[in-house]
1. Would you mention how many residues in the range B:90-131 are part of a loop (DSSP other than H, G, I, E, B), farther than 22 Å from residue B:56 by Cβ and touching a residue at least 40 places away in the same chain (Cβ under 8 Å)?
2. For the range A:134-173, which positions are within 14 Å of chain B (Cβ to nearest Cβ), touching a His at 6+ places or on another chain (Cβ under 7 Å) and either surrounded by fewer than 22 Cβ atoms within 10 Å (Cβ to Cβ) or assigned to a loop (DSSP other than H, G, I, E, B) (or both)?
3. Checking residue B:361 against (1) in a helix (DSSP H, G or I); (2) assigned by the TED database to the domain that holds residue B:165, only one condition comes out false. Which one?
4. Given (1) assigned by the TED database to the domain that holds residue A:87; (2) surrounded by 19 or more Cβ atoms within 10 Å (Cβ to Cβ), identify the lone condition not met by residue A:276.
5. Only one residue in A:313, A:317, A:347 is out of contact with any helix residue (DSSP H, G or I) (no Cβ under 7 Å at 6 or more places or on another chain) and either of a type in the set (D, E, K, R) or at pLDDT 95 or above (or both). Which one?
6. With respect to the numbered conditions (1) more than 10 Å from chain A (Cβ to nearest Cβ); (2) surrounded by fewer than 23 Cβ atoms within 10 Å (Cβ to Cβ); (3) not in a loop (DSSP other than H, G, I, E, B); (4) not polar (S, T, N, Q), which one is the sole condition not fulfilled by residue B:293?
7. State all residues of the range B:186-199 that are more than 9 Å from chain A (Cβ to nearest Cβ) and within 17 Å of residue B:313 (Cβ to Cβ); if no residue qualifies, say none.
There are 2 protein chains.
Amino acid sequence: MSTTTPQSPAAPAATAPGSVGVVTPQKAVFDAPITLSAGVTLPRFELVYETYGTLNATASNAVLVCHALSGSHHVAGVYADDPKSLGWWDNLVGPGKPLDTDKFFVVGVNNLGGCYGSTGPMSTNPATGKPYGADFPVVTVEDWVEAQARLADRLGIGTWAAVVGGSLGGMQALHWTVAHPERVRHALVIASAPQLSTQNIAFNEVARQAILTDPDFHGGHYYEHGVVPVRGLRLARMVGHITYLSDDQMGEKFGRELKNGELQYSYDAEFQIESYLRYQGDKFTRYFDANTYLITTKALDYFDPARNCGGDLRAALAPAKAGFLVVSFTTDWRFSPERSREIVYALVHNDRDVTYAEVDCNFGHDSFLLDDPQYHDVVRAYVDNIAV
Amino acid sequence: MSTTTPQSPAAPAATAPGSVGVVTPQKAVFDAPITLSAGVTLPRFELVYETYGTLNATASNAVLVCHALSGSHHVAGVYADDPKSLGWWDNLVGPGKPLDTDKFFVVGVNNLGGCYGSTGPMSTNPATGKPYGADFPVVTVEDWVEAQARLADRLGIGTWAAVVGGSLGGMQALHWTVAHPERVRHALVIASAPQLSTQNIAFNEVARQAILTDPDFHGGHYYEHGVVPVRGLRLARMVGHITYLSDDQMGEKFGRELKNGELQYSYDAEFQIESYLRYQGDKFTRYFDANTYLITTKALDYFDPARNCGGDLRAALAPAKAGFLVVSFTTDWRFSPERSREIVYALVHNDRDVTYAEVDCNFGHDSFLLDDPQYHDVVRAYVDNIAV
């Protein structure tokens, strides 16, 4: 079942110790229809995924990594044709790394509604023969978990040793434990929250309005017009980036430094932070799809396991049987430690086994993606104790 | 010198106790050129202003109120033709109010570059006969204070009893004390900061990019095209609003409430916070000018009295001779109490008389505009001790 291609000498980054090497994405086609939370049924769908390590004989060593807003199935390693294409969590996943692929069979999957190959707005709508565009339904964390469960079936994985995710990925890990309690032995919920705060929704709404009001959005059918709502997607990413970084880190990294050393009295980028945000925004528009961005922010806004339990998170998490590692970062103001503690309290009240770490890291919400020693030590220590 | 029109029975709000009543804006024309920080000289300029109360014989009771990003000269009272046109600080300024117009002669002025009647982007550029538009130079807090000083001369005010402002208005009050130390007896610096943080600049940059990339911006010459960059200005206001409110207040006021009680799986406004932000954004585009918004965010970004003192705020504030009231609000994350304390420390080190109040108020940055009893008591107590 392992699909990891052997390390290739053509890709230097892949040959580094701890790398899973050159990897190749795979596609799973599901011909059984799936009915989404929005009430829409997709007659068939595809999921693009990657795997690292080897599934053992009893399939007891499988770990699912769930991606966040702009992530993908490409969690670790590099592609043969692009040595710079390092997976987004390559620092965490690999032989000898905290999520050790010598021990575990790790699966990364691009979620439904995504723009990296799984069925989404860019896919052909069988009803019209044209890309879904805005006709692709809003999907939810629940939908993603359902699709991931079908992938697990396909891969012969009855129970995950662990489901792991940061941010929106952590929400998926959390939902796995209540939707399929028998299929998850451990959940690693990192830099996440039991639901978005009002302010979180507000930032998402600004991002969505930037895209929706871009004249090049064309009601979501911009593919047919041969354009991309670059302006809106760029603004969405810029405002997002502010929330991913801590105020302190931004101050330390960019301060009030001027690009040219003196004030220009113009609207060109003159503070370093302006250049940084514009660069990040521009870059994003070259690889991410605006409809997927809209869908994914909605999935974030909607996630709220306590909604159907009168706001009682403890009741909402009662079905969970997994052991939990919950990690938060002190400078994360998007999903603050307080939000992680809400999850911890609910689980502890339910007599679940919970390890909680509040990591002192200066990089805000983005900390979960970074190679912070304390953070990685915590993950390693927890994961090392998972029996396979 | 007083220009306050007597209370009119036609305007009920104006007849309320403590109201300055119906007011009429005035215009001061300055034919002497003014050279701005950007190096541009305006051959002439106009300032629109209002006054409340009566200037006493020795002109010792004059108070200047400086406005913030979207404020104006219309600080208190109402206009005869619009009973809803309450001044933006009417709760603070009036007979018997904390800034008591029975004692003080209060002046509100629309700043250069503004869109309420003072010379700005909407004014006719004498060089072209057309609106300045984007050709109106970026202005600075220093420029505003220089223009305000000329207005003081015109009004016969040698020394202000106090210069008062919140947020960007507080920056003007602070600059008055170092630019014209002999002309300011007291400065009230409320919900302000000695300079923007990197994050503050980042949010301003998102707002600017929203406007600058709106196809209807036309390089700032949209007046000639008969359009307004509504999309950009709306987004700018939406992201601004998030930073004006506290996370807690937003949560308490809007929570995760759904407009229709259930999820819609669409991009219509469904959470209450979405409706609120859209409403605020839409409203703003009907009365505020996009070029003025750009200019004013630049004035915010540029303000940094310590820039020419190697970052030493104490040295930068050394010329100040005024007494100070510095007020911050516990839930203000735009200009947090920490930023106010930087001002206080610098002034205390300079042996200035400083009163500092950190007001426990739940309304974030917007607290400075609200009628919070503790806050108003602090202002009243300080102002009552100002001799006239």
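1. Residues that pass the stated criteria total 18.
2. A:134, A:142
3. All conditions are met except number (1).
4. Of everything listed in (1) assigned by the TED database to the domain that holds residue A:87; (2) surrounded by 19 or more Cβ atoms within 10 Å (Cβ to Cβ), residue A:276 misses just condition (1).
5. Of the residues listed, the single one that is out of contact with any helix residue (DSSP H, G or I) (no Cβ under 7 Å at 6 or more places or on another chain) and either of a type in the set (D, E, K, R) or at pLDDT 95 or above (or both) is A:347.
6. Status for residue B:293: all satisfied but (2).
7. Passing the criteria: B:187, B:189, B:192, B:193, B:194.
Okay, residues lined up against (1) free of Cβ contacts under 8 Å to residues at least 24 places away in the same chain; (2) assigned to a helix (DSSP H, G or I); (3) of a type in the set (D, E, K, R):
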| position | (1), (2), (3) |
| --- | --- |
| B:308 | yes, yes, no |
| B:315 | yes, yes, no |
| B:321 | no, no, yes |
| B:332 | no, no, yes |
| B:341 | yes, yes, yes |
| B:357 | no, no, no |
| B:367 | no, yes, no |
| B:378 | no, yes, no |
| B:388 | no, no, no |
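The values are calculated or read from the model by the stated rules, or taken from the named source; none is laboratory data. Given the structure is predicted, the values throughout are model-derived calculations rather than measurements. All Cβ positions, even for glycine, are placed from backbone atoms using ideal geometry, and neighbour counts span all protein chains on display.
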